[in-house]
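S.K.: I'd like to ask you about the structure that follows.
The values are calculated or read from the model by the stated rules, or taken from the named source; none is laboratory data. Note that the coordinates shown come from a computational prediction; the quantities given were computed from them, not determined experimentally. Cβ atoms come from the backbone with ideal geometry, glycine included; neighbour counts cover every protein chain shown.
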2 protein chains.
Amino acid sequence: MISAKSSEELYNEYKHQIRKIADVKNALNILQWDQETYLPSKGASFRAQQTATLSELAHQLFTSEYFGNILQELNSRNNLSQKEKRNVELSNEDYIKQKKFTSDFVKKMSETVSKSFHAWIDARRQNAFSAFEKDLNGLLQLKKEEAYLLGFENHPYNALLNEFEKGCTVKLLDKIFTEILYPLKKLFDQINSKPQIDDSCLHQYFPKQQQWDFGIKIIGQLGFDFKAGRQDISEHPFTTSFNNNDVRITTRIDEHNFAGMLWSCIHESGHALYEQGLPETEYGLPLGEYTSLGIHESQSRLWENCVGRGKTFWNYHYKELQDTFPDQLAEVSLQQFYKAINKVEPSLIRTEADELTYHFHVMIRYEIEKLLIEGTIGAHDIPAYWNEHYEKYLDLKVPDDKRGCLQDIHWSHGSFGYFPTYSLGSFYAAQLYGKAIKQNPAIEQAIGKGDTNPLLDYLRKHIFQYGRMYTSEELFAVIGGEPLDIKYFLEYLFDKYKNIYIL
Amino acid sequence: MISAKSSEELYNEYKHQIRKIADVKNALNILQWDQETYLPSKGASFRAQQTATLSELAHQLFTSEYFGNILQELNSRNNLSQKEKRNVELSNEDYIKQKKFTSDFVKKMSETVSKSFHAWIDARRQNAFSAFEKDLNGLLQLKKEEAYLLGFENHPYNALLNEFEKGCTVKLLDKIFTEILYPLKKLFDQINSKPQIDDSCLHQYFPKQQQWDFGIKIIGQLGFDFKAGRQDISEHPFTTSFNNNDVRITTRIDEHNFAGMLWSCIHESGHALYEQGLPETEYGLPLGEYTSLGIHESQSRLWENCVGRGKTFWNYHYKELQDTFPDQLAEVSLQQFYKAINKVEPSLIRTEADELTYHFHVMIRYEIEKLLIEGTIGAHDIPAYWNEHYEKYLDLKVPDDKRGCLQDIHWSHGSFGYFPTYSLGSFYAAQLYGKAIKQNPAIEQAIGKGDTNPLLDYLRKHIFQYGRMYTSEELFAVIGGEPLDIKYFLEYLFDKYKNIYIL
């Protein structure tokens, strides 16, 4: 009988079970990493099957009655430590959520996602959103069902947002995006009235191997532990983790776009430093997991933008870069380089956008998702809405669907509610970094000497160590006693561009 | 009720279940491949745990009552096709075997193996077999238990041999090794009386990248499908397969030992061609698996030795090799090269042995294993027996345990009964290849023109397509109507060395 067991015995059994599940999930991560890096082409079909089997096993283990009973019993015990209690609470939340989905629903979702993913691939090939419409509508129907199964207050989209960013709501996002829209647009117009920056120095020929070597060097200098991780090449850069001692990032190299490689390295390193810094003793438990997607993204963007596109950082590192690429950069001044890497230019493609215009891309997607999930529009209405708003916000005519509403993979995967976490990441990052260097000026001084350890220590202390202990909102209260405030992000942008575009 | 289901429904459910198990096992293979190729050093401890979890899951799925009931019911049905019947029979055999081990026994074995593996590592570090003795004795005790659990006729070692080579017995091996010992020793003595071959041409400086490129080229020419597999670098070369469309080999490169790289590539390609050639439609089922370890090894050795150390092969390829390494080989004649790659020289280390002396290494290990399992000797007696027989067969004094009885990993892993399959592999290979080129002279003619397709087709037709349909003995009866006969191997060796050493 479970109820006859001591809390210690029971907690140990809980740990044993949840770690077994984590082992299976991490095996899945390894299979997916391999798929993106080294899988031979013919291996894809069996790999899909192997992945499906492991996913099913992980789900079965997690939703087993036995595991549920342990959680329920532990939840009623009063003699757990604070951390133990929190782990059990969170696992119980996850358990209750997972149990809301019948295995029929899970199966239907997985089939529908698979169908709609292939429809998206096809539609991209045809460059016609209409070929994706029918399957996307089918998937949307299921996502609405999912929202109702999960339950929500006020708006069904809240249920989906919660999956990526616990506590995030339409109300909060509406407020943030409304507040930011006008100042961002104003700043954008100001910049547009100034002479454009010449960033051709970044588009010279930079040989592959030298780019790779420089990337590896910078990653190491940021504090990435190569004994507990590695970098490889893949088509789309990503970070994955099998445990805090094995965190892997990828990059891609374009010999005529040096920036593409380097800032993807720094971005993914930001994710990876977070994963390497999660508490090892909590492996497999909620407190060994990241807070939320928004916080994860805040780490990548803090390093990529606040640090990696900052003057302070390049004050130190630009000499190294010039020494590595003398033919390309000996004649390019630090100021020219600094301007080039911070050029603002409206673009059709989200992943190529600068720090400012990026958020227009997200706002458009956010509005569309909200309208889709509440049922105000259907898949059929997406292209018109999309194209109209790209013109409105960015003054761009969308020439075709591939460069328009077919560009992102997210919807085809059923990831509705994901995009806002990208913007939240930037906003969180600016606030975090702004507070960190204000409270500890030594952090920025060290970066100017090529030493990012004080910053990393700050992040370890204020973020990494907590795992999923807090929601992002609670975490901000703990760190700075203040909720998310977009003034930090706006200040950060104004400061940067004032100098660059002489505003 | 299972008994109410049609045979077709039941067979489909059997396939579904066994493929799920195969998916988990193949995920394990991926984790192990990654461990040997790309795992960052700190990742090892969690990887061990993740591997243990997946192993346990695979074992639980395979030995579940549900799966057992399906097998039992299917076994009683008369309306299965011949292939279906054979799959069910073999799975049932495997199931009955696995069920003989209680989970306590499995756990104890896994712990004991882990302990004894670490003791072996330690003992190697100390260069003292005595540090391995105690744990090896503990493991031996369990292996004897295993033999009794499995059941056997005549000799407990037969039970262990069967795990690697179904149908193989002490009686058979005693006969083979007795028959071969004298002629082999005589040939060895004859060769020793002749002037030794100069193989210094193989120990010049061969740059890493050029070696790699040449290896990849040869592997492709042998028929390895790089869309269904890949090669990477690891400390010890190996082959692993996740399904016939994803077969991976590894090699290592020593810039002063060209042969080490090239023949490891060819050897592993032999294994890989077999795995790539197994019937895809039988994925996860016994008929999609290899016949036995001996047959697997016959494939690697057939390509490595019969083909890859043959004059015919190099008649065509030597020009390519000279063109790749003109500084090293332009002045080395084909005959000199051919002699160098077939030099016979007694050595202390099994994995470095030539085609002839290799079998003395195996015979010594075989005798020791037999005596250990029957209880005639204990771990304590190994070094004396080892050293005495290295002197007797190879006229070598073993200077220390690291270059003696501590050199192989096998015993520390509990793999007793594995070594004989290496020799069987060579004997099978010679017989197979001898028959193939006699029946189809076009096979050898094609090899002389750089075309190994006719050979590969022969192997596909006579070996690959059958999977585990037959035991190795039955397979030989099907192919050539004749059981294993070491005269083929002896003829093959005499033919080769007669020419090389002018006997």
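S.K.: Quickly run through region B:362-403 and pick out the residues that are closer than 25 Å to B:TYR497 by Cα and free of Cβ contacts under 8 Å to residues at least 12 places away in the same chain.
M.R.: B:GLU391, B:LYS392
S.K.: Step by step: first the residues of region A:42-61, then only those that are in contact (Cβ under 8 Å) with a residue 40 or more places away in the chain and within 10 Å of chain B (Cβ to nearest Cβ), then the one that is surrounded by the most Cβ atoms within 10 Å (Cβ to Cβ). Which residue is that?
M.R.: Checking each candidate, the answer is A:LEU61.
S.K.: Of all residues in region B:241-254, count the ones that are part of a loop (DSSP other than H, G, I, E, B) and within 11 Å of chain A (Cβ to nearest Cβ).
M.R.: Count: 2.
S.K.: Kindly indicate whether B:ILE191 is within 14 Å of another protein chain (Cβ to nearest Cβ) and assigned to a helix (DSSP H, G or I).
M.R.: It is false that B:ILE191 is within 14 Å of another protein chain (Cβ to nearest Cβ) and assigned to a helix (DSSP H, G or I).
S.K.: Can you tell me which residue among B:ASP246, B:ASP225, B:ASP232, B:ASP198 is within 25 Å of B:PRO326 (Cα to Cα) and among the acidic types (Asp, Glu)?
M.R.: B:ASP198
S.K.: Now a separate question. For region A:302-357, which helices (runs of 4 or more DSSP H) that fit wholly inside it have 2 or more residues that are surrounded by 17 or more Cβ atoms within 10 Å (Cβ to Cβ) and of a type in the set (A, V, I, L, M, F, W, C)?
M.R.: Numbers: elements: A:311-324, A:326-329, A:334-340.
Counting at least 2 such residues, we get A:311-324, A:334-340.
S.K.: Does any residue in region B:24-39 that is touching a residue at least 12 places away in the same chain (Cβ under 8 Å) and more than 8 Å from chain A (Cβ to nearest Cβ) come within less than 7 Å, Cβ to Cβ, of a residue that is buried (at least 21 other Cβ atoms within 10 Å of the Cβ) and of a type in the set (Lys, Arg) six or more places away or on a different chain, and which pairs are these?
M.R.: The qualifying pairs are B:TRP33/B:ARG248; B:GLN35/B:ARG47.
S.K.: Inspect region A:377-387 for any residue being under 20 Å from A:SER292 (Cα atoms) and either out of contact with any strand residue (DSSP E or B) (no Cβ under 7 Å at 6 or more places or on another chain) or surrounded by fewer than 22 Cβ atoms within 10 Å (Cβ to Cβ) (or both) and give the result as yes or no.
M.R.: The answer is no, given that none of the residues of region A:377-387 is under 20 Å from A:SER292 (Cα atoms) and either out of contact with any strand residue (DSSP E or B) (no Cβ under 7 Å at 6 or more places or on another chain) or surrounded by fewer than 22 Cβ atoms within 10 Å (Cβ to Cβ) (or both).
S.K.: How many residues does region A:154-187 contain that are crowded, with 19+ Cβ neighbours inside 10 Å and either over 22 Å from the mean Cα position of the chain (by Cα) or farther than 23 Å from A:LEU293 by Cα (or both)?
M.R.: Qualifying residue count for the region: 3.
S.K.: Going by the structure shown, is A:GLY68 touching a strand residue (DSSP E or B) at 6+ places or on another chain (Cβ under 7 Å), among the small types (Gly, Ala, Ser) and either in contact (Cβ under 8 Å) with a residue 12 or more places away in the chain or facing another protein chain (nearest Cβ under 10 Å) (or both)? First the steps, then the outcome.
M.R.: Values: touching a strand residue (DSSP E or B) at 6+ places or on another chain (Cβ under 7 Å): no; among the small types (Gly, Ala, Ser): yes; either in contact (Cβ under 8 Å) with a residue 12 or more places away in the chain or facing another protein chain (nearest Cβ under 10 Å) (or both): yes.
When the stated conditions are applied, A:GLY68 does not pass them.
S.K.: With (1) under 19 Å from the mean Cα position of the chain (by Cα); (2) modelled with pLDDT of 95 or more as the list, and A:GLN221 as the residue in question, which single condition is left unmet?
M.R.: Only one criterion in (1) under 19 Å from the mean Cα position of the chain (by Cα); (2) modelled with pLDDT of 95 or more is unmet by A:GLN221, namely (1).
S.K.: Do you know which of the residues in region A:214-240 that are within 14 Å of chain B (Cβ to nearest Cβ) and of a type in the set (A, V, I, L, M) is surrounded by the fewest Cβ atoms within 10 Å (Cβ to Cβ)?
M.R.: So the residue we want is A:ILE233.
S.K.: Which residues, taken from region B:255-265, are in contact with a strand residue (DSSP E or B) (Cβ under 7 Å, 6 or more places away or on another chain) and either within 12 Å of another protein chain (Cβ to nearest Cβ) or not in a helix (DSSP H, G or I) (or both)?
M.R.: Once the filter is applied, which keeps residues that are in contact with a strand residue (DSSP E or B) (Cβ under 7 Å, 6 or more places away or on another chain) and either within 12 Å of another protein chain (Cβ to nearest Cβ) or not in a helix (DSSP H, G or I) (or both), region B:255-265 yields nothing.
S.K.: Let me ask something else about it. Taking A:GLU268 as meeting all but one of (1) part of a helix (DSSP H, G or I); (2) within 21 Å of A:ILE409 (Cβ to Cβ); (3) within 14 Å of chain B (Cβ to nearest Cβ), write down the number of the exception.
M.R.: Tallying (1) part of a helix (DSSP H, G or I); (2) within 21 Å of A:ILE409 (Cβ to Cβ); (3) within 14 Å of chain B (Cβ to nearest Cβ), A:GLU268 fails exactly one: (3).
S.K.: A follow-up question, please. With respect to B:GLN209, determine if the residue is out of contact with any strand residue (DSSP E or B) (no Cβ under 9 Å at 6 or more places or on another chain) and within 14 Å of another protein chain (Cβ to nearest Cβ).
M.R.: Answer is yes for this residue.
S.K.: From the list B:GLY284, B:GLY288, which residue is modelled with pLDDT of 95 or more and touching a Lys or Arg at 6+ places or on another chain (Cβ under 7 Å)?
M.R.: It is B:GLY284.
A quick yes/no check of all residues on (1) modelled with pLDDT under 95; (2) of a type outside the set (D, E, K, R):
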residue	(1), (2)
B:GLN32	yes, yes
B:ALA44	yes, yes
B:ALA48	yes, yes
B:PHE62	no, yes
B:GLU73	no, no
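S.K.: Please go through (1) outside any helix (DSSP H, G or I); (2) over 30 Å from B:TYR458 (Cβ atoms); (3) of a type outside the set (Ser, Thr, Tyr) for B:CYS168 and return the number of the only condition it doesn't satisfy.
M.R.: With (1) outside any helix (DSSP H, G or I); (2) over 30 Å from B:TYR458 (Cβ atoms); (3) of a type outside the set (Ser, Thr, Tyr) applied to B:CYS168, the lone miss is (2).
S.K.: Something else about it: Among the residues that make up region A:467-478, is at least one of them of a type in the set (Phe, Trp, Tyr) and over 20 Å from the mean Cα position of the chain (by Cα)?
M.R.: No, region A:467-478 contains no residue that is of a type in the set (Phe, Trp, Tyr) and over 20 Å from the mean Cα position of the chain (by Cα).
S.K.: For a quick check of your reading of the model, give me the residue pairs whose first member lies in region B:291-307 and is over 18 Å from B:GLU491 (Cβ atoms) and touching a residue at least 60 places away in the same chain (Cβ under 8 Å), whose second is of a type in the set (D, E, K, R) and not in a helix (DSSP H, G or I), with beta-carbon atoms closer than 7 Å and at least 6 apart or on different chains.
M.R.: Final answer for the pair search is B:THR291/B:ARG468; B:SER292/B:GLU165; B:SER292/B:LYS166; B:LEU293/B:GLU165; B:GLY294/B:GLU165.
S.K.: Please go through (1) farther than 30 Å from B:LEU475 by Cα; (2) polar (S, T, N, Q); (3) within 14 Å of chain A (Cβ to nearest Cβ) for B:GLN276 and return the number of the only condition it doesn't satisfy.
M.R.: (1)
S.K.: OK, next. Residues to consider are A:PHE129, A:PHE101, A:PHE105; find the one that is touching a Cys at 6+ places or on another chain (Cβ under 8 Å) and either under 29 Å from A:HIS59 (Cα atoms) or in contact (Cβ under 8 Å) with a residue 12 or more places away in the chain (or both).
M.R.: On the way: A:PHE101 fails: touching a Cys at 6+ places or on another chain (Cβ under 8 Å); A:PHE105 fails: touching a Cys at 6+ places or on another chain (Cβ under 8 Å).
From the options A:PHE129, A:PHE101, A:PHE105, the qualifying one is A:PHE129.
S.K.: For region B:30-41, does any single residue satisfy the condition of being more than 24 Å from the chain's Cα centre (by Cα), in a helix (DSSP H, G or I) and either of a type in the set (Val, Ile, Thr) or buried (at least 16 other Cβ atoms within 10 Å of the Cβ) (or both)?
M.R.: Within region B:30-41 (the criterion being more than 24 Å from the chain's Cα centre (by Cα), in a helix (DSSP H, G or I) and either of a type in the set (Val, Ile, Thr) or buried (at least 16 other Cβ atoms within 10 Å of the Cβ) (or both)), the answer is no, since none of the residues qualifies.
S.K.: Right, here's the next one. Every residue in region B:392-445 that is under 16 Å from the mean Cα position of the chain (by Cα), of a type in the set (A, V, I, L, M), surrounded by fewer than 19 Cβ atoms within 10 Å (Cβ to Cβ) and assigned to a helix (DSSP H, G or I), please.
M.R.: none
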